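Encoded as structure tokens, the structure appears first; notes follow it.
The values are calculated or read from the model by the stated rules, or taken from the named source; none is laboratory data. Just so it is clear, the model here is predicted, and its values are computed rather than measured. Quick reminder, even Gly has a Cβ in these numbers, built from the backbone with ideal geometry, and neighbours come from all protein chains shown. All accessible areas refer to the heavy atoms of the entire protein, side chains included, with ligands and DNA or RNA removed. Shrake-Rupley method; radii C 1.70, N 1.55, O 1.52, S 1.80 Å.
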Amino acid sequence: MRFVDLIPGFVVRTQPRIVTAKEIVEFASRYDPQWFHTDVERARSGRWKGLIASGWHTCAIAMELTVRNVLSDSEAFGSPGIDSVKWLHPVRPDDAVALRFEVLRSSKSPSGRTGILLSKSELWNQSERQVLTLQGNDAI
């Protein structure tokens, strides 16, 4: 996708992606080793009544789906940052999450050499419950 294609109001919705218990535990064991992400047995009796994915894992899934469905083969070369991230509901083993990506603003950098996108990414589960909202910028 090229910068000129990514105009305000442009929306991409992806096919769902299954999140497995194995990947929840593997990601959390390495990057967010809290027991409710890594210990299946203990998590059953915890606040969430079962294993849940790390919020950072949820963000990584959103990024994976964004790259595969929006940014792959694009002119993108990085991001100057994230403005906001909210984890609205936990992601659980065997959830099927899909991305809704929307361009909110598209502008040229002061030099005119780089395009800057303000976008909103949302993940929705199989019950049509929003689990993540993230707003950030991309340099293209």
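Quick notes on this one:
- When residues in the range 20-58 are screened for being of a type in the set (A, V, I, L, M, F, W, C), in contact (Cβ under 8 Å) with a residue 12 or more places away in the chain and open to solvent by 20 Å² or more (accessible area, probe 1.4 Å), 7 of them pass.
- Taking the criterion of being without any contact (Cβ under 8 Å) to a residue 12 or more places away in the chain and among the small types (Gly, Ala, Ser), the only residue of the range 59-99 that qualifies is Ser72.
- Selection within the range 1-19: residues that are part of a loop (DSSP other than H, G, I, E, B) and under 30 Å from Ser109 (Cα atoms). The member of this set that is least open to solvent (accessible area, probe 1.4 Å) is Leu6.
- Failed item, numbered, when Gly115 is tested on (1) closer than 23 Å to Arg2 by Cβ; (2) at pLDDT 95 or above; (3) open to solvent by less than 30 Å² (accessible area, probe 1.4 Å): (2)
- For the range 123-140, a residue qualifies if it is in a strand (DSSP E or B), open to solvent by 20 Å² or more (accessible area, probe 1.4 Å) and without any contact (Cβ under 8 Å) to a residue 60 or more places away in the chain, and the qualifying residues are Trp124, Gln130, Thr133, Gln135, Asn137.
- Ser74 open to solvent by less than 50 Å² (accessible area, probe 1.4 Å), more than 18 Å from Ala98 (Cβ to Cβ) and either modelled with pLDDT under 95 or of a type in the set (Phe, Trp, Tyr) (or both): yes
- Residue in the range 104-112 that is surrounded by 17 or more Cβ atoms within 10 Å (Cβ to Cβ) and in a loop (DSSP other than H, G, I, E, B) present: no
- Test: Ile61 is modelled with pLDDT of 95 or more and outside any loop (DSSP other than H, G, I, E, B): yes
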